[in-house]
Amino acid sequence: MGVEGVASVAVVGVGRIGAPLVGRLVAAGYEVVGTDIRPERRGVVEAAGARWAADLGTAVAGAGVVFTVMPGGPELEDLVLGSGRLLARLAGGAVWVDLTSASVELGQECARAAAAQGIAHLEAPIGGGVDGMRDGTLTLYVGGEGGVLAAAEPILRTFATTIHHAGGHGMGYLTKLLINLLWFGQAALTTEVMLLAQKHGQAPGYLREILRGSAGDSAFAERHLPALLGGDYLADFGLDRCVEELDSVERTAARADVPHPITAAVAALHRSALHRYGPVDGELMAAAWLEEQAGTRLQDPPPRS
């Protein structure tokens, strides 16, 4: 198993997360090559001090560690199990680390395929978004073998400050999606609460202060509600990807025969928002849809002059 003293690192997918990942790795002293199906991303890779590869095979040839950062599960499935044939292109002894958010079922399929090829593999979906990657303060939810994680930890620490070993393959993906489910649910219910209070004359900002430290407080209310109250719907992630994640959790719960009426309601709300707005950017577009249906925006009254 590789990683220690790794000479070359490949990053496959240099979009919102992959591009700052390239920069973090270069800054840490690694020799990095980046690739993407969009040739226009070449400038971003080279500006970060990395080498551009026009195709997947060239990018991963000889790389000791390969990071994949796909937009979502369908792209990951095609890259690994479909036409991309990623695993067949990896060098012997390479470690493959996937940072995509995907389903537990796809994670287990990818792990089986990697094992069949003798490829050491970790899933490490992220928490913290684009800003966390830029700052090197991400949280990782890792699924895979502990020995592989121990070997890969030094390079993971170049962009993550918190690393949770969630369990075997698939559990990293599932843990990340469950955390996201709770966040989406908290965002939706908090929006409903705020809209009802506002209709009765209570300013959202004032209610937020009341919520802080109460039984109704949440990470959403503490960290992200101010963005919503300021009209920011958090455009770092597409609404269609939010729905993809929620659909995945709902399917997993159904397969496990676990009751999930609240999960289903949260997923249905986001599907309705997607139907209304299309695949726009915005993790809080379900909140925007609730505001639209209420006929008002959440906002504090202007200060008196």
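Mind checking the angle between helix 171-199 and the chain's longest principal axis? C-alpha axes, 0 to 90 degrees, to the nearest 10.
20
Sort Ser214, Ser103, Ser272 so the one with the fewest other Cβ atoms within 10 Å of its own Cβ comes first. Please report the intermediate quantities before stating the final value.
Numbers: Ser214 8, Ser103 23, Ser272 15.
So the residues, fewest neighbours to most, are Ser214, Ser272, Ser103.
Mind listing the long-range amide H neighbours of Gly167? Cut-off is under 5 Å, sequence gap 5 or more, other chains count too, H placed in the peptide plane at 1.01 Å from N.
Gly144
Could you go through the stretch 267-279 in sequence order and give the Karplus-derived ³J(HN,Hα) for each residue, using 6.51 cos²θ - 1.76 cosθ + 1.60 with θ = phi - 60°, rounded to whole Hz, and x for Gly and Pro?
Listing the rounded values in order: 5, 5, 4, 5, 5, 5, 5, 5, 4, 6, 10, x, x Hz.
Given the stretch 8-169, what percent of its DSSP beta bridges are antiparallel, to the nearest 5?
15
Quick one: Debye curve from the C-alpha atoms of the stretch 174-294, no solvent, what's log10 I(q)/I(0) at q = 0.11, 0.19, 0.21 Å⁻¹?
The computed values of log10 I(q)/I(0) come out as -0.36, -1.04, -1.22.
From the mean inverse distance of alpha carbon pairs (Kirkwood) and the Cα radius of gyration, derive Rg over Rh for the stretch 1-125. List each step's numbers first, then the result.
Numbers: Rg = 13.2 Å, Rh = 14.2 Å.
For the stretch 1-125, the value is 0.93.
Where does the chain land at 222 nm, in deg cm²/dmol rounded to the nearest 500, when only DSSP H runs of n ≥ 4 count, each adding -39500 (n - 2.57), divided by all residues?
The helix-only estimate for the chain comes to -15000 deg cm²/dmol at 222 nm.
Using amide H atoms built in the peptide plane, which far-off residues or other-chain residues are under 5 Å from Arg51 H to H?
Val32, Val33, Gly34
Once you have the alpha carbon radius of gyration of the chain, what is it after dividing by 2.2 N^0.38 Å, with N set to its residue count? Walk me through the numbers on the way to the answer.
Values: Rg = 20.7 Å, N = 305, 2.2 N^0.38 = 19.3 Å.
Relative to the rule-of-thumb radius for its length, the chain sits at 1.07.
Compute the acute angle (0 to 90°) between the alpha-carbon long axis of helix 104-116 and the principal axis of greatest extent of the alpha-carbon atoms of the chain; round to the nearest 10°.
The answer is roughly 0 degrees.
With all distinct Cα pairs included, what does the Kirkwood hydrodynamic radius of the stretch 221-278 come out to in Å, to one decimal, could you say? Show your work: numbers first, answer last.
Numbers: mean 1/r = 0.0784 Å⁻¹.
Computed over Cα pairs of the stretch 221-278, the Kirkwood hydrodynamic radius comes out at 12.7 Å.
Which percent, nearest 5, of DSSP beta bridges in the chain are antiparallel? Numbers along the way, then the final one.
Details: 5 of 30 bridges.
Expressed as a percentage, antiparallel bridges in the chain total about 15.
Show the residues, 5+ positions off or on another chain, whose built amide H is closer than 5 Å to the amide H of Ala120.
The list, which skips near neighbours in sequence, is Trp96.
Label the stretch 24-98 by shape, choosing from rounded, prolate and oblate, from the square roots a ≥ b ≥ c of the eigenvalues of the Cα gyration tensor; if a/c is under 1.5 it is rounded, and otherwise prolate applies when a/b is larger than b/c, oblate when it is not.
On the way: a/c = 1.77, a/b = 1.29, b/c = 1.37.
In terms of gyration-tensor shape, oblate.
Tell me, how many Å apart are the Cα centres for the stretch 117-194 and for the stretch 221-255?
16
For the residue pair Gln293 and Ala215, what label-to-label distance in nm results when each label sits 7 Å from Cα along the Cα-to-beta-carbon direction?
Between Gln293 and Ala215, the simple spin-label model gives 2.6 nm.
Every number here is computed from the coordinates shown, using simple stated rules; none is lab data. From a predicted model like this one, the values you see are computed outputs, not experimental measurements. FYI the Cβ positions are ideal-geometry reconstructions off the backbone, even for glycines, and counts take in every protein chain you see.
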